[in-house]
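A short worksheet on the structure shown next.
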Amino acid sequence: MTRVLTYGTFDLLHIGHLNLLERLSALGDELIVAVSTDEFNAEKGKRCVVSYEDRCRLISALKCVSAVIPETHWSQKPNDIRRLGVDVFGMGSDWEGKFDSLSLYCKVIYLPRTEGISTTHLRKEISRRERVPSLVS
């Protein structure tokens, strides 16, 4: 059995997230997704729109995901890999090279992002639309 592990915040779940998770899932028999807690995101200077509990529920509902665990700190990855018997650690290409040290424990891969979509892009588009007055009365 091949286990794949990834980490992320997954705020404002979008097609880029789904594409990445489906591609990761296709690399093994199980996909485990570690979702960053609200507290950990605060330490990283991030503030989510969607709560940790709801983000976990959304990710858990995807048929390509086998299990969801909390991500509470940067250094937990090697322990999770060993504890869960992970064979493949995968992230989006925006993290290219950042987790190469984990290759001591398992195969590390970086998959291409979906062009034209990101949580940052969605936030900006929502903000832009809120500033533009509606043409419909």
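Data table
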quantity	calculated
Scan of segment 79-111 for residues that are among the aromatic types (Phe, Trp, Tyr) and either farther than 20 Å from ARG23 by Cα or not in a helix (DSSP H, G or I) (or both), ordered by number	PHE89, PHE99, TYR105, TYR110
Unmet criterion (only one of (1) in contact with a helix residue (DSSP H, G or I) (Cβ under 8 Å, 6 or more places away or on another chain); (2) surrounded by fewer than 13 Cβ atoms within 10 Å (Cβ to Cβ); (3) at positive phi) for ARG47	(3)
Matching option when the condition is surrounded by 15 or more Cβ atoms within 10 Å (Cβ to Cβ), in contact with a Lys or Arg (Cβ under 7 Å, 6 or more places away or on another chain) and among the small types (Gly, Ala, Ser), among GLY92, GLY85	GLY92
Residues of segment 50-62 satisfying the condition of being touching a residue at least 24 places away in the same chain (Cβ under 8 Å) and either buried (at least 20 other Cβ atoms within 10 Å of the Cβ) or not in a loop (DSSP other than H, G, I, E, B) (or both)	ARG55, LEU58, ILE59
Those residues of segment 27-39 which are more than 18 Å from PHE99 (Cα to Cα), out of contact with any Lys or Arg (no Cβ under 9 Å at 6 or more places or on another chain) and not in a loop (DSSP other than H, G, I, E, B), in sequence order	GLU39
All positions within segment 96-107 that are crowded, with 16+ Cβ neighbours inside 10 Å and within 18 Å of the chain's Cα centre (by Cα)	PHE99, LEU102
Top-ranked residue in segment 63-76 [being of a type outside the set (S, T, N, Q) and farther than 25 Å from ILE15 by Cα; ranked as surrounded by the fewest Cβ atoms within 10 Å (Cβ to Cβ)]	TRP74
Complete set of residues in segment 1-44 that are in contact with a helix residue (DSSP H, G or I) (Cβ under 7 Å, 6 or more places away or on another chain), modelled with pLDDT of 95 or more and among the aliphatic types (A, V, I, L, M)	VAL4, LEU5, LEU31, ILE32, VAL33, ALA34, VAL35
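The values are calculated or read from the model by the stated rules, or taken from the named source; none is laboratory data. Treat the numbers as computed from the prediction; the structure is a model and nothing was measured. Reconstructed Cβ throughout: ideal geometry from the backbone, glycine too, with neighbour counts over all protein chains shown.
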